[in-house]
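A short worksheet on the structure shown next.
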2 protein chains.
Amino acid sequence: MAETTHIERYGLYEIDLTGTSLGNPYADVELSATFTHTGSGKAVTVGGFYRGDGRYAIRFMPDETGDWRYVTASDDPALDGASGALTVDPASEGNHGRVLRAADVLAGEARAAYGDEIAYRFCYEDGTPYQPYGTTCYAWTNQAPDVQDRTVETLKHAPFNKIRMCVFPKSYDFNTADPAMFAYEGSMEDGFDHSRFNEAFFENLDRRIAQLQDLGIEADVILLHPYDKPEWGFSKMTKAEDGFYLSYMARRYGAYRNVWWSLANEYDLLPHKTLEDWRDYARIVMANDAFGHLRSVHNCIPIYDYNEPWCTHCSIQRVDVTRTTECIADWRRVYGKPVVCDEPGYEGNIYWGWGNLTGEELMRRFWEGAMRGGYVTHGETFIDKGEQVWWAHGGELHGDAPARIAFMRGIFDQAPLDATPLDARMDARRVWPVASALPEGTVLTPASEKAIQYWDVPVLRSGDDWQLTYFGWYRPAYREFPLPAGGRYEVDVIDTWNMTVETLPGTHEGSVRVDLGRQWMAVRIRRAA
Amino acid sequence: MAETTHIERYGLYEIDLTGTSLGNPYADVELSATFTHTGSGKAVTVGGFYRGDGRYAIRFMPDETGDWRYVTASDDPALDGASGALTVDPASEGNHGRVLRAADVLAGEARAAYGDEIAYRFCYEDGTPYQPYGTTCYAWTNQAPDVQDRTVETLKHAPFNKIRMCVFPKSYDFNTADPAMFAYEGSMEDGFDHSRFNEAFFENLDRRIAQLQDLGIEADVILLHPYDKPEWGFSKMTKAEDGFYLSYMARRYGAYRNVWWSLANEYDLLPHKTLEDWRDYARIVMANDAFGHLRSVHNCIPIYDYNEPWCTHCSIQRVDVTRTTECIADWRRVYGKPVVCDEPGYEGNIYWGWGNLTGEELMRRFWEGAMRGGYVTHGETFIDKGEQVWWAHGGELHGDAPARIAFMRGIFDQAPLDATPLDARMDARRVWPVASALPEGTVLTPASEKAIQYWDVPVLRSGDDWQLTYFGWYRPAYREFPLPAGGRYEVDVIDTWNMTVETLPGTHEGSVRVDLGRQWMAVRIRRAA
């Protein structure tokens, strides 16, 4: 037996095999491998996939260090019974494995550190906290290679740790060019064979997802979408064809630790697919993804029912044109899962309201969402800054938001894990008890005091130790903050737009007056050591 | 019989009488006069009121030109049976009588000109259109006389045609001083006699309301409010005392054509008064106001049920901190009456979110509200621009909004009377049919085309002749507007912040591309003559 290969934990191990090229191996050949951890006996069976020219592969992402053995199974004798071994070393720095729901990963003290927030938070599978700060480049892997390279280069210097990206090309405003390669064999002229994939297309996608992984960026892979051309037709394949494609994607990409599955963008703009179709598609992805990546789907208008158990989190497009990421408070209540507002409107100047926000307004939406315990995704849609529009093509970023998102990440990276929105109910309707409205003799409880104090602004709080208040479009000359009795506190004045943190001199008790005087301010109050 | 007095139509005619000063004439003496139009025979009975020192008055506002006669009735023989005559001349320029609901005033062609918008609009009783552009100076008549004079001077040059003002003094942040005069006999030290009014206080109020009338400003008189001191106690009078006061107010001020009645500010902060109390109070005002002025009430949190028949219109404080005047679309649907958002937040820098908006944000709320067929009220709360804070004391204005409100009035004065929000339902939830989401073969109707075209921005439209679109915080580089077939159109680009109107060269047909490129823009499209 050959010497075992070493790979790192959460790395990608690939078995390459050669078998039949007769018939249609994409459809006809069954192939899988079972990987067994020699220490624990834990076994993982992974489906393989065909790559053309008689080449087959099986990809495995080990989640435990130590020695693993594998053996293949196939109805092609040439592929059946191949075996081998690998040694899994500890993960290298920066490799934390998949992003999953914190509630599905953590136990004991690590879990307790999140308090009730555990339901709404993500983390890496090694327990490292993860807060998504995504961006949107729908068709970046369908652009010319140099544009793809420039996108990767831009991402190296950008603050994003997730990217929303389609597999199929996109036909939409400012983005109607045909790509050089398609996912299927065939052509626009002669049609595509939805039972045979184009290996060159997927090799490029492999490489791009791996590049994202190297950058620490989660690839939120959008499997289906409606921005199609009749000559492409990928939005109107049969249900069987969709399933065939989905299982191929899940087998081919499941071993990339940085993959998330988004069944569709604007699923409701694919009206020929029913809600039951989406549930079936989720089942297919789950059956073929041996590594249980995050799964969701993204709406245009009717919000998907994220209570369905296959959805690991919400991936929502805001549906009210005014109240956007503020609704995260509602969505947390309704779905009880992590909430990502993946389309809060974009910075840019395209003609539609979803893509002509100022940097200030997009950053307000980022903060309003994060203050309510959710996550917000970036996009950029300047139509007069060169050939590429970031949201569609990638290329370069031009807006004011990315630098502010980097600053914002720094603030929220420092937030306690159990920092909780003070009273999310206030966001839906301003229903808080008001002192003078209560029956005479009513004693205000601390809870009602807090609610009155902060009826107008969102607050994240961790016990009596830490509080963050965000003022958004408000411009108070100053604000008085009551402080918990018995403690001394340090106070940071945060200018979220100018990206400054100014700590007030000294420590404070009882209450503190904080001068503000401009928009986009936040105040952080920390218990002094 | 004496020569008849001449007054103008909608003017104020006062009968002054002398009667008993024994006992408590405020409470004990019944006094009224019946005015009869000698031509039509129309009769109006008006209640009188006591002024102290044996002086009584009855005030009448004739709504028809020609000769009127009156005769008094009283249980004091000295006041009973006094008679006289007056000749009512046509109203002078700028005197259009009371503001009422257009639906209650107009008939025939004048009514038809409003289309279905009639339900949501005001006009003067002579048919002249009236759109409220109010401001807020709660306690201005309770300030020192020179401050009151300065307020009047400011209003002369301000764009406001309505003012929200309390009768009783106000105790609240930045406004806790005791006034020089109170509405009642008595003192803070010895208490007030809620059955005896202080004539000097009311003479000042008479004069101030008359000054507003001279300026063409409606006095939206707030009869009760919760911002009280224990030593004042005007918010906690008995129900009988409240009724006594309300009937006095309605008799004394009903003949001022510029009066509106607001039963209370933040009625729900007076929890010792029940909803049935408010209905009773409305009945008392209606019974004693011979001239049927507009009536409403203003909430803090729970919005009053403006479907109650006594409410002529909505006077709403927005209850969602994010979606403010956009809710006017909902409120029109729910109440079917004119909607004034009397508290959308104010320009200023006070510490609370209701009063620290930038001028840009307040103007956005003004426009968002007007574009949805409602009205929005101004307020100003700078706490660092001198002793007076406009919203409480009056004095001077410091903000950026007033000049922009003047500009806005000019735009909306020119709007067709039947200009109607395109699809108000879109404001609540973005529920519009999307072409690609419809079953294949579905033919889009013009209505759905329109809804798609304008899902993101509010539109006012009058048939195929006129359209106004407001872009608010959006910043499109340009927008393409489809134009109705067969017409040629002129296009105005309106910068609502910089207060400019730029008309594009020439006329346009089919569609027109309008360059925009910055925030707070509107586009007006007019059919060319």
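The values are calculated or read from the model by the stated rules, or taken from the named source; none is laboratory data. Note that the structure is a prediction, hence the values are computed from the model and not measured. Don't worry about glycine lacking a Cβ; one is built from the backbone with ideal geometry, like all the others, and counts go over all protein chains shown. Keep in mind that these areas ignore ligands, DNA and RNA; they rest on the heavy atoms of the full protein, side chains included. Shrake-Rupley method; radii C 1.70, N 1.55, O 1.52, S 1.80 Å.
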Out of the residues in region A:501-529 that are in contact with a Lys or Arg (Cβ under 7 Å, 6 or more places away or on another chain) and closer than 10 Å to A:TYR489 by Cβ, which is farthest from the other protein chains (Cβ to nearest Cβ)?
A:ALA528
Among strands (runs of 3 or more DSSP E) entirely inside region B:80-130, those with 2 or more residues being assigned by TED's automatic domain parsing to the domain that holds B:ILE15 and either under 26 Å from B:HIS6 (Cα atoms) or open to solvent by 60 Å² or more (accessible area, probe 1.4 Å) (or both) are B:83-89
Restricting region B:168-204 to residues that are open to solvent by 40 Å² or more (accessible area, probe 1.4 Å) and over 26 Å from B:ASN24 (Cβ atoms), which is modelled with the highest pLDDT?
B:ALA177
Looking at A:ARG526, A:ARG518, A:ARG513, which one is open to solvent by 50 Å² or more (accessible area, probe 1.4 Å), farther than 24 Å from A:ASP413 by Cα and part of a strand (DSSP E or B)?
A:ARG513
Please determine whether any residue of region B:327-341 is of a type in the set (Val, Ile, Thr), under 23 Å from A:TYR454 (Cα atoms) and at pLDDT 95 or above.
no
Here the residues within region A:235-276 that are open to solvent by less than 10 Å² (accessible area, probe 1.4 Å) and either of a type in the set (Phe, Trp, Tyr) or without any contact (Cβ under 8 Å) to a residue 24 or more places away in the chain (or both) are A:TYR245, A:TYR253, A:TRP260, A:TRP261
Select the strands (runs of 3 or more DSSP E) contained entirely in region A:1-50, then report the ones holding at least 3 residues which are hydroxyl-bearing (Ser, Thr, Tyr) and assigned by TED's automatic domain parsing to the domain that holds A:ALA85.
A:31-37
Residue match in region B:214-229 (condition: surrounded by fewer than 20 Cβ atoms within 10 Å (Cβ to Cβ) and more than 26 Å from B:GLU387 (Cα to Cα))
yes
Could you say whether any residue in region A:235-248 is within 14 Å of chain B (Cβ to nearest Cβ) and over 22 Å from the mean Cα position of the chain (by Cα)?
yes
Within region A:63-79, residues being among the β-branched types (Val, Ile, Thr) and not in a strand (DSSP E or B) number 1
Just to be sure before I move on: is A:ASP289 touching a strand residue (DSSP E or B) at 6+ places or on another chain (Cβ under 8 Å), more than 14 Å from chain B (Cβ to nearest Cβ) and within 26 Å of A:THR45 (Cα to Cα) in the structure I sent?
yes
Being open to solvent by less than 40 Å² (accessible area, probe 1.4 Å) and over 20 Å from B:GLU125 (Cα atoms) is the filter here, so list the residues in region B:35-71 that pass it.
B:GLY47, B:GLY48, B:PHE49, B:TYR50, B:ARG51, B:GLY52, B:GLY54, B:TYR56, B:ALA57, B:ILE58, B:TYR70
Residues satisfying the stated conditions in region A:470-500, i.e. in contact (Cβ under 8 Å) with a residue 60 or more places away in the chain and away from every other protein chain (no Cβ under 14 Å)
A:ILE494, A:THR496, A:MET499
Can you give me the number of residues within region B:269-320 that are of a type in the set (A, V, I, L, M) and modelled with pLDDT of 95 or more?
9
From the options A:ARG164, A:ARG207, residue that is basic (Lys, Arg) and open to solvent by 30 Å² or more (accessible area, probe 1.4 Å):
A:ARG207
Quick test of your reading of the structure: A:ILE405 fulfils all but one of (1) out of contact with any helix residue (DSSP H, G or I) (no Cβ under 7 Å at 6 or more places or on another chain); (2) among the aliphatic types (A, V, I, L, M); (3) more than 13 Å from chain B (Cβ to nearest Cβ). Name the failing condition by number.
(1)
Return the residues of region A:219-234 that are over 19 Å from A:ALA287 (Cα atoms) and within 25 Å of the chain's Cα centre (by Cα); say none if nothing qualifies.
A:ALA219, A:HIS225, A:PRO226, A:TYR227, A:ASP228, A:PHE234
Residue list for region A:206-258, restricted to those being in contact with a Cys (Cβ under 6 Å, 6 or more places away or on another chain) and part of a loop (DSSP other than H, G, I, E, B)
A:HIS225
Among the candidates A:PRO484, A:PRO505, single out the residue that is at pLDDT below 95 and not assigned by TED's automatic domain parsing to the domain that holds A:GLU360.
A:PRO484
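How about region B:295-396: which helices (runs of 4 or more DSSP H) wholly inside it have at least 2 residues that are within 13 Å of another protein chain (Cβ to nearest Cβ), touching a residue at least 24 places away in the same chain (Cβ under 8 Å) and open to solvent by less than 10 Å² (accessible area, probe 1.4 Å)? First the steps, then the outcome.
Details: elements: B:328-335, B:359-371, B:390-393.
Passing ranges, in order: B:328-335, B:359-371.
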Quick one: would you say B:ALA139 is open to solvent by less than 10 Å² (accessible area, probe 1.4 Å) and among the hydrophobic types (A, V, I, L, M, F, W, C)?
yes
